[in-house]
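Below: the structure, in structure tokens.
The values are calculated or read from the model by the stated rules, or taken from the named source; none is laboratory data. Note that the coordinates shown come from a computational prediction; the quantities given were computed from them, not determined experimentally. Here the Cβ is made from the backbone with ideal geometry for all residues, glycine too, and neighbour counts use every protein chain on show. To get the accessible areas, we keep the full protein, side chains included, count just its heavy atoms, and leave off ligands, DNA and RNA. Shrake-Rupley method; radii C 1.70, N 1.55, O 1.52, S 1.80 Å.
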Amino acid sequence: MDVKIELSWKIRLAAEFEKTYFVNLTKFVKNEYATQTVYPQGNKIFNAFEKTPFDKVKAVILGQDPYHEPGQAHGLCFSVNDGVPLPPSLQNIYKELYDDMGVAPSPSGNLERWAEQGVLLLNATLTVRAHTAGSHQNKGWEELTDAVIHKIAEEKKNMVFILWGSYAQKKGAFIDPRNHLIIKSAHPSPLSAYRGFFGSKPFSKANEYLINTGQTAINW
């Protein structure tokens, strides 16, 4: 099956694209785009891979679902298009970034600048029906994104995995902490941010580890 995805990822995930679950997922997603309003735009489904080729990955931030309101989702977890008001979780991410590293909150919620430095901003589910959170869960996307995390964890060394909330932590449970840095905390959502996200210092911890393993720090 020909999937339009960045070449380094296409090579590594080729076997997944031939599996029954992915064939069925493709049919489901095509039908949804044909009959419903679905986010992100079709050409942005694999945007995280486009912005962060396999060889460039040095950190992974794991989200769950794309945003499901108009104009928000563009294929990078927690990120929104320029000019879109910052969602509450992203406001809290920026607040922690300021408290952790003194980086003033950007007026833009577009995190492409992180992706282009090697931060794979990966949602577990890559599409969603408008106004309906979780509507494309358990259709096959999770199996594909599990394969992505396995590829990174097994083929690369000294990666940073930032796992916010129980969902991300379960999804990354197999990652070997002897080979990578795993940063866990509560989710930045307003419902949980005060239960351990604030004060967790994920950005400085990530950079310290990258520098200590001979890599370049991320300009958050």
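Couplings 3J(HN,Hα) for region 134-140, derived from phi with the Karplus relation 6.51 cos²θ - 1.76 cosθ + 1.60 (θ = phi - 60°), are x, 5, 10, 6, 6, 10, x Hz, where x marks Gly and Pro. Distance from the C-alpha centroid of region 124-150 to that of region 33-98: 13 Å, rounded to the whole angstrom. Residue by residue, region 48-58 carries 3J(HN,Hα) couplings of 4, 6, 4, 7, 9, x, 3, 5, 8, 4, 10 Hz when phi is fed to the Karplus relation 6.51 cos²θ - 1.76 cosθ + 1.60 (θ = phi - 60°); x denotes Gly or Pro. Apply the a/c threshold of 1.5 to the C-alpha gyration tensor of region 158-220 and tell me whether it is rounded, prolate or oblate. Oblate, since a/c reaches 1.5 and b/c is not below a/b. In the chain, a dipole from Cβ-located charges (positive for Lys and Arg, negative for Asp and Glu) runs towards its positive end, and of PRO70, VAL57, ASN43 it is VAL57 whose Cα lies farthest in that direction. In straight-distance terms, cross-link reach from LYS171 covers every one of the lysines whose alpha-carbon lies under 19 Å from its own, apart from those fewer than eight places away in the same chain; here that gives LYS58, LYS139, LYS151, LYS156, LYS157, LYS184.
If you wrap region 113-220's Cα atoms in a convex hull and average its projection over all directions, what's the area in nm²?
Projected over every direction and averaged, the Cα hull of region 113-220 covers 7.7 nm².
Carbon-plus-sulfur fraction of the accessible area of region 93-172, 1.4 Å probe, in percent?
Percent of accessible area from carbon and sulfur atoms in region 93-172: 48.
According to the calculation over all Cα-Cα pairs in region 1-95, the P(r) per 10 Å bin from zero is 14, 40, 35, 11, 0 %.
For an R0 of 22 angstrom, estimate the FRET efficiency from the Cβ-Cβ distance between LYS19 and ASN158 and round to the nearest 0.05. The pair LYS19/ASN158 has a calculated efficiency of 0.15. In the chain, the C-alpha radius of gyration followed by the widest Cα-Cα span (Dmax) gives 16.6, 50 angstrom.
The relative contact order of the chain, computed from alpha carbon pairs under 8 Å that lie at least 6 residues apart in sequence, is 22 percent.
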